[in-house]
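Accompanying notes for the structure given below.
The values are calculated or read from the model by the stated rules, or taken from the named source; none is laboratory data. All figures in this text were calculated on a predicted structure; none of them were measured in a lab. So basically every Cβ, Gly included, is an ideal-geometry build from the backbone, and we count neighbours across all protein chains shown. Side chains are part of the model used for accessible areas, which takes the heavy atoms of the whole protein and leaves out ligands, DNA and RNA. Shrake-Rupley method; radii C 1.70, N 1.55, O 1.52, S 1.80 Å.
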Amino acid sequence: ITGMLNDFLSLNKLEEEDIKPMYVQMNFVAFLEELTHEVQLIKRVNQKLCVKHSGSEMIVSDRDFLRNILRNVLSNAFKYSHEGDIVLLEAEVSHEALTVRISDQGVGIPSEDREYIFTRFFRGHNVVNIQGTGLGLSIAKKYLDLLNGSIEFSSNLNKGSVFTVRVPIEI
């Protein structure tokens, strides 16, 4: 219930307020470690998060926006994965962008649902028995728009999905 309430509050804030990114220099490796600890509350006990990082450790971006984006995508990766699955987060920092790939081995996204996946309140027809609001990816997309970033995905039904987040940064 708390997660759902937070989703509604985030969406309301994004839609009703003039929110602007607050860019700060941050250690992205330390940020990933913090995020790893946070998602321990999201994942099921026997699921695992594997994190890989390459490139610079220091970036300039909005810390809270990045946390919201990655937490929402990771939440879906765990939610739609099976017991015992591994979710992989691969981050690469280059001079112009942060690229984060989140891969799961879950239920996948049916082809007929893919065009709606970032639409508010949309939930795939194959996940009706899994709890959720259909807000996570639309919230992530709104934060990415504010950072001039992008999100793409590929998916294979019953084999999993890969979401790729790209955010322009300074190092």
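Once segment 145-158 is narrowed to residues that are modelled with pLDDT under 95 and either closer than 18 Å to residue 103 by Cβ or β-branched (Val, Ile, Thr) (or both), the residue that is most open to solvent (accessible area, probe 1.4 Å) is 158.
Taking the listed residues 120, 114, the one that is at pLDDT below 95, part of a loop (DSSP other than H, G, I, E, B) and either charged (D, E, K, R) or in contact with a Cys (Cβ under 8 Å, 6 or more places away or on another chain) (or both) is 120, with no other qualifying.
Screening residue 81 on (1) among the hydroxyl-bearing types (Ser, Thr, Tyr); (2) part of a loop (DSSP other than H, G, I, E, B); (3) at pLDDT below 90 shows it passes everything except condition (3). Of all residues in segment 86-103, which are open to solvent by 20 Å² or more (accessible area, probe 1.4 Å), over 17 Å from residue 148 (Cα atoms) and of a type outside the set (Val, Ile, Thr)? Selection gives 88, 90, 92, 101, 103.
Taken over segment 33-77, the criterion of being open to solvent by less than 20 Å² (accessible area, probe 1.4 Å) and more than 19 Å from residue 106 (Cα to Cα) is satisfied by 35, 59, 61, 62, 65, 66, 69.
Residues in segment 69-124 that are acidic (Asp, Glu), under 26 Å from residue 46 (Cβ atoms) and touching a strand residue (DSSP E or B) at 6+ places or on another chain (Cβ under 7 Å): 90, 104. Identify, please: which residue in segment 9-32 is more than 21 Å from residue 168 (Cβ to Cβ) and surrounded by 13 or more Cβ atoms within 10 Å (Cβ to Cβ) and is, among those, modelled with the highest pLDDT? Of everything passing the filter in segment 9-32, 10 is modelled with the highest pLDDT. For segment 150-171, the candidate set comprises residues that are touching a residue at least 60 places away in the same chain (Cβ under 8 Å) and not in a strand (DSSP E or B); within that set, the residue that is farthest from the chain's Cα centre (by Cα) is 171.
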